[in-house]
Amino acid sequence: MIHARRVFAVVTLALCLLGSANHASAGVSKGQTLYVPCSSHVYHGAKNRPFELTITLTVRNTDIRRAMRLVSVDYVGTDGRVLKRFITKAESVHPLATREFVVEQNDTSGGAGASFLVRWQADVSINEPVTEAVMIGTANSQGISFTSRGVVVQE
């Protein structure tokens, strides 16, 4: 019993330290272009029927002291064409604040390979924002939901 508690304590400590190391290595930047994959629908069933999804993109300023500017948020279709520009002029996002952008469930123009391109800037280096797309759809008694995180494509 004592041995099991000791092993548990060591494993717990190791996991905590690993989590701290990952947090400590969080990036800082003055601006980036982020690619966030998403889908306006997924296919299901034997006939590959589309299951329509609502997409919510969140851009979270993770810096606790400084604002960031969202320069552009573009919704891009499977074919690579920009379908919608959500921002026409730069918008400030306060420390720890979040901006949301929604593509309605009945808008299937993006396709299964849709994405967002998010461009942001700051006057000084700040914590990199967290960008995430949440896709959810319901029909009859069936529902589906999943998420996707953004990745840096240009510094």
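The combined condition, being modelled with pLDDT of 95 or more, under 19 Å from the mean Cα position of the chain (by Cα) and surrounded by 14 or more Cβ atoms within 10 Å (Cβ to Cβ), is fulfilled by Arg99. Arg85 meets the stated requirement of being at pLDDT 95 or above, closer than 13 Å to Phe116 by Cα and in contact with an Asp or Glu (Cβ under 6 Å, 6 or more places away or on another chain).
Considering only segment 118-136, I want to know if a residue exists there that is hydroxyl-bearing (Ser, Thr, Tyr), at pLDDT 95 or above and exposed (fewer than 13 other Cβ atoms within 10 Å of the Cβ).
no
Could you tell me how many of the residues in segment 68-92 are assigned to a loop (DSSP other than H, G, I, E, B) and either of a type outside the set (A, V, I, L, M) or surrounded by 15 or more Cβ atoms within 10 Å (Cβ to Cβ) (or both)? Summing the residues that are assigned to a loop (DSSP other than H, G, I, E, B) and either of a type outside the set (A, V, I, L, M) or surrounded by 15 or more Cβ atoms within 10 Å (Cβ to Cβ) (or both) in segment 68-92 gives 9.
Against the list (1) in contact with a Gly (Cβ under 9 Å, 6 or more places away or on another chain); (2) farther than 26 Å from Gly27 by Cβ; (3) of a type in the set (A, V, I, L, M), the condition Ala112 fails is (1). Checking Ser109, Ser125, Ser115 one by one, the residue that is within 11 Å of the chain's Cα centre (by Cα) and in contact (Cβ under 8 Å) with a residue 40 or more places away in the chain is Ser115 and no other. For Gln154, the test of being in contact (Cβ under 8 Å) with a residue 12 or more places away in the chain, over 18 Å from Lys84 (Cβ atoms), surrounded by 13 or more Cβ atoms within 10 Å (Cβ to Cβ) and among the polar types (S, T, N, Q) is failed.
Screening segment 137-151 for residues that are among the hydroxyl-bearing types (Ser, Thr, Tyr) and surrounded by fewer than 14 Cβ atoms within 10 Å (Cβ to Cβ) and picking the one that is nearest to Val71 (Cα to Cα) gives Thr147.
The values are calculated or read from the model by the stated rules, or taken from the named source; none is laboratory data. From a predicted model like this one, the values you see are computed outputs, not experimental measurements. Cβ sites come from the backbone with ideal geometry, for glycine too, and all protein chains shown count toward neighbours.
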